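Scroll down for the structure; my scribbles are underneath it.
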Amino acid sequence: MAPTVIESYQRNALYLLSALCMVFMTLVVAIQPLFLRNVLNISFDTAGAINANVQVVTEVLDIFIFAYLGYLSDRLGRVRIIVAGFVVAAIGAVIAPFSPWIGGGAVGALVVYYVARVVMSLGSGAVWPQLSALAGDFSDESSRARLMSNTAFMMAFGVTLVYAVLMQIPRHAGITITMLLTAGIAVAGAWLARNCLVDVAPRTTETSIPWRRIWGLVRTEPRLRLAFASSLFARSDMVFVGLFLMLWFIYFADLVKVGQAQAASKAGMLIGLMGLVVMLSIPVWRSFIERFGRIQAVALGMMLSALGFMMLGFVVNPFDWFIVVPVLLISAGQAGCFVAPQILTVDHSPKELLGSVLGAFNVIGCLGIIFFVQIGGFLFDYVGPPAPFVFTGAGNLLISAYALRVLKSEGRQGGESEAMGDVPMASRRLLGQRLE
């Protein structure tokens, strides 16, 4: 078993890997509309559905791997899964830009690209949940908000770097070079994880995924239910915004006589601004969580995010400056929606089953992405580009209302106590026993 003392370079490696993983995942999604439009020649009429379908195919795969890999990380350790995930992601990233040559015709090329995206999703899906689990392993109750907020900060930095900097590369070096860059990032991640990360969590003795224990925890702990519900509605937000804003700009470009690469660059700058605001707001959310509580952060974050999504319904031209206002609101709320539910999940998970519980948490998030992205793709094509944003904003409002209901039912008057003594007795019993 690895030593329990965590060195500073190991925490720093975790932060850097969080950024690299998010750079990989975000760049893959960001370059997709540009690749499909300019290389595979996908028309505007089917753009929303095809781009959404590619994302949904990868998320369906994630449903099957998240739970099992979470359990496997409890059995074997997180690090070897992270290394293998980066290697698999690199293989898919090498295949994707050459799909027109491998597949031959238009249909064959699209099929090969689908396969490459599935491989990349298989790899990245093995990485980022284990990074979140390691952040939980490396922390205790007093340091958890700080360490997991730092990890989220670096993930937001990765998103910002992609849209503010890396999405400018297609204008100068081309789409293929930009896509191959993702392979290099994955290889660097595998090397760094192998040489700098360490496993510290106790190994589980469970012989299969402990669904009954997980369900028992969720059923008896309202705050864990809220965390899972937040994952269902909010985990799709960053993928959702990146995909549909990029689509909106690229396919609106012809109407305002703007080039495709220039439109992608403008969209990238806007989404990069969003990532920057998320990144800068994370320290504020960390202070808010430590002072007022996790549930309050979920409620406020969801409310701000929902307001921004609803305001996008009033935007006609995405190149209009007014779009910055709702995007800033979405970004301000997004960090709270991302950090607080994960902290709640780690708070109420047994240490030896943290990977399994987070795996289930991420499965719920995948279901949310599939639902919102698939419906959003059809709304984009048949109602209009603003429609997907209004739809997801309504979902965020529901979660905000549910968080307020949880607060009311617990009789909270001030800040929320995070000590284990404040955990309901039913959950404390479940943390220490095995359900047969």
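The values are calculated or read from the model by the stated rules, or taken from the named source; none is laboratory data. Since this is a predicted model, take the numbers as computed values, not measurements. Neighbour counts run over all protein chains shown; Cβ positions are idealised from the backbone, glycine included.
What about residue 214, is it within 30 Å of residue 325 (Cα to Cα) and either among the acidic types (Asp, Glu) or surrounded by 24 or more Cβ atoms within 10 Å (Cβ to Cβ) (or both)?
For residue 214, the condition - within 30 Å of residue 325 (Cα to Cα) and either among the acidic types (Asp, Glu) or surrounded by 24 or more Cβ atoms within 10 Å (Cβ to Cβ) (or both) - is not met.
Scanning region 190-217 for residues that are under 14 Å from residue 71 (Cβ atoms) and touching a Pro at 6+ places or on another chain (Cβ under 9 Å) yields a count of 2. Just name the residue that is farthest from the chain's Cα centre (by Cα) out of those in region 304-352 that are among the acidic types (Asp, Glu) and farther than 21 Å from residue 268 by Cβ. Here the residue is 352.
From the list 73, 139, the one residue that fits, being crowded, with 17+ Cβ neighbours inside 10 Å and not in a helix (DSSP H, G or I), is 139.
Of all residues in region 38-55, those that are farther than 15 Å from residue 381 by Cα and modelled with pLDDT of 70 or more total 5. Being of a type in the set (D, E, K, R) and loosely packed, with under 15 Cβ neighbours inside 10 Å: is that true of residue 219 here? Judged against the criteria, residue 219 is a match. Beta carbons closer than 8 Å, at least 6 apart along the sequence or on distinct chains, pair a first residue in region 374-386 that is over 16 Å from residue 318 (Cβ atoms) with a second that is modelled with pLDDT of 85 or more and surrounded by fewer than 22 Cβ atoms within 10 Å (Cβ to Cβ) for 375/391. Screening 346, 316, 327, 357 for residues that are assigned to a loop (DSSP other than H, G, I, E, B) and of a type in the set (A, V, I, L, M, F, W, C) leaves exactly one candidate, 316.
Annotation note: Cβ proximity below 6 Å between a residue of region 341-353 that is under 9 Å from residue 136 (Cβ atoms) and surrounded by 21 or more Cβ atoms within 10 Å (Cβ to Cβ) and a residue that is among the basic types (Lys, Arg) and modelled with pLDDT under 85 (sequence gap 6+ or interchain) occurs for 343/144.
What number goes with the only condition from (1) over 17 Å from the mean Cα position of the chain (by Cα); (2) touching a residue at least 60 places away in the same chain (Cβ under 8 Å) that residue 117 does not pass? With respect to (1) over 17 Å from the mean Cα position of the chain (by Cα); (2) touching a residue at least 60 places away in the same chain (Cβ under 8 Å), residue 117 is out only on (1).
Can you tell me which of 99, 124 is over 21 Å from residue 147 (Cβ atoms) and touching a residue at least 60 places away in the same chain (Cβ under 8 Å)?
124
Table: residues versus (1) under 30 Å from residue 77 (Cα atoms); (2) not in a helix (DSSP H, G or I).
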{"residue": "108", "(1), (2)": "no, no"}
{"residue": "125", "(1), (2)": "yes, no"}
{"residue": "148", "(1), (2)": "yes, no"}
{"residue": "170", "(1), (2)": "no, no"}
{"residue": "181", "(1), (2)": "yes, no"}
{"residue": "190", "(1), (2)": "yes, no"}
{"residue": "200", "(1), (2)": "yes, yes"}
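Among the residues of region 372-384, is there at least one that is β-branched (Val, Ile, Thr), out of contact with any Asp or Glu (no Cβ under 6 Å at 6 or more places or on another chain) and buried (at least 19 other Cβ atoms within 10 Å of the Cβ)? The answer is yes; a qualifying residue exists.
Figure legend. Inter-residue proximity from region 1-14: first residues more than 13 Å from residue 195 (Cα to Cα) and surrounded by 14 or more Cβ atoms within 10 Å (Cβ to Cβ), second residues of a type in the set (Ser, Thr, Tyr) and at pLDDT below 75, beta-carbon distance below 8 Å, spacing 6+ or different chains. No pairs are indicated.
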